[in-house]
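Okay, so here's the structure we're looking at.
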Amino acid sequence: MENRELINMINIHKWFGALHVLKGVNFTVRCKEVVGLVGDNGAGKSTLIKILSGYHKPDEGEIWFNGRRVIFNSPKEARMLGIETVYQDQALAPHLTVARNVFLGREVVRSMGFVDAKKIKEESMKALEKIGLNLRSSDLLINFLSGGERQGVALARALYFGARLIVLDEPTASLSIKECQKVLEFVKSVRDAGLSVIFVTHNLYHVCPIADRFVVLSRGEKIADVKKEETSIEELTKLIIS
Ligand SMILES: Nc1ncnc2c1ncn2[C@@H]1O[C@H](COP(=O)(O)OP(=O)(O)O)[C@@H](O)[C@H]1O
Ligand SMILES: [Mg+2]
């Protein structure tokens, strides 16, 4: 693991009306690191990563990306820099083709605003081959792919657009044990591809096998930031419910 910092969030504050949801949180992610962002429901995890992905603006604090101060005015700006947030439900559009999914929200447009279908088919097949996923056709609907293939499509998309960091917010919340296993395999393949990952969850058991480090939030404050070797599930559980 490289030690260089990819993300550095400093003294982040967020209020929703009178509710002080983040109270001066410092949060870093290093290159090729998998960070488990954990804490009970309502702790502020989603709010923190929504700030990182440009959905919310912090009321106070700074975000540094790859050594430069950044200010995101939209999710698109964060994505352009390489912060790819995969939300549980909207990760892929099941009723669209593989090709359309690789380019979702970023269609290659020809003059007059038409989507260049030929180009997105060719490019998406190339992106999939690069990660070793050889699908019969990029015209297949996501619905007909296996879970592993779907994650391959999500990964291909992130890599194609130069993502440096993948953020997964509660990716395992409603999954079976077998499906959880698939998500963990996905995270491994993302890390092996040289990216960093933030894995947000309230379930330590889901993230423990894969995380290099844990950051614990409680009522809007960071109460622990520990390497996996230096802690245990028991210790983290105590912190989370304290
Ligand atoms: N858009 C919003 N407007 C008002 N309150 C919000 C909003 N988003 C989150 N909250 C509140 O902020 C707190 C932290 O929420 P959240 O970041 O979603 O926590 P977590 O992801 O750790 O469960 C909760 O009390 C939640 O109700
Ligand atoms: Mg949440």
**Message:** Can you tally the net charge around Leu22? Count Lys and Arg as +1, Asp and Glu as -1, for every other residue whose Cβ sits under 14 Å from the Cβ of Leu22.
**Reply:** +3
**Prompt:** If you place +1 on the Cβ of every Lys and Arg and -1 on the Cβ of every Asp and Glu, how big does the dipole about the Cα centre of region 92-242 come out, in debye to the nearest 20?
**Reply:** 500 debye
**Prompt:** Over the Cα atoms of region 117-242, Rg to Rh with Kirkwood Rh, two decimal places?
**Reply:** 1.05
**Request:** With 24 Å as the limit, write out which pairs from Lys126/Lys178; Lys45/Lys227; Lys50/Lys222 have Cα-Cα distances beyond it, or answer none.
**Result:** Lys126/Lys178
**Item:** Estimated 222 nm signal from helices in the chain, with DSSP H stretches of n ≥ 4 weighted -39500 (n - 2.57), rounded to 500
**Value:** -9000 deg cm²/dmol
**Item:** Listed residues Val226, Thr28, Leu140: farthest to the positive end of the dipole of the chain (Cβ charges)
**Value:** Leu140
**Item:** Cα-Cα pairs of region 92-163 separated by more than 14 Å (percent)
**Value:** 53 percent
**Complete:** Largest fluctuation, Tyr160, Tyr55, Tyr205 only, Gaussian network model of the chain with Cα springs under 10 angstrom, belongs to Tyr205
**Prompt:** Quick one: if the Förster radius is 30 Å, what FRET efficiency do Ile177 and Leu140 give, using the C-beta to C-beta distance and rounding to 0.05?
**Reply:** 0.65
**Request:** Compute the length gained on full extension between His202 and Val115: take 0.36 nm times their separation in residues and subtract their Cα-Cα distance, giving the result in nm to one decimal.
**Result:** 27.3 nm
**Fill in**
Spelling it out for Val197: with amide H atoms placed in the peptide plane at 1.01 Å from N, the residues 5 or more places away or on another chain with amide H under 5 Å from its amide H are Glu33, Val34, Val35, Ile166
**Request:** Whole Å is fine, so just give me how far the alpha carbon centre of region 185-242 lies from that of region 25-92.
**Result:** 15 Å
**For the chain, the spread of Cα positions along each principal axis, largest first, Å** = 53, 39, 34
**Asked** Taking the chain as a Gaussian network, Cα atoms linked when under 10 Å apart, which of Arg213, Arg100, Arg136 shows the biggest mean-square fluctuation?
**Response** Arg136
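Only the coordinates and a few stated rules stand behind these numbers; no lab work does. Keep in mind that this is a model prediction, so the values were computed, not measured. Cβ sites come from the backbone with ideal geometry, for glycine too, and all protein chains shown count toward neighbours.
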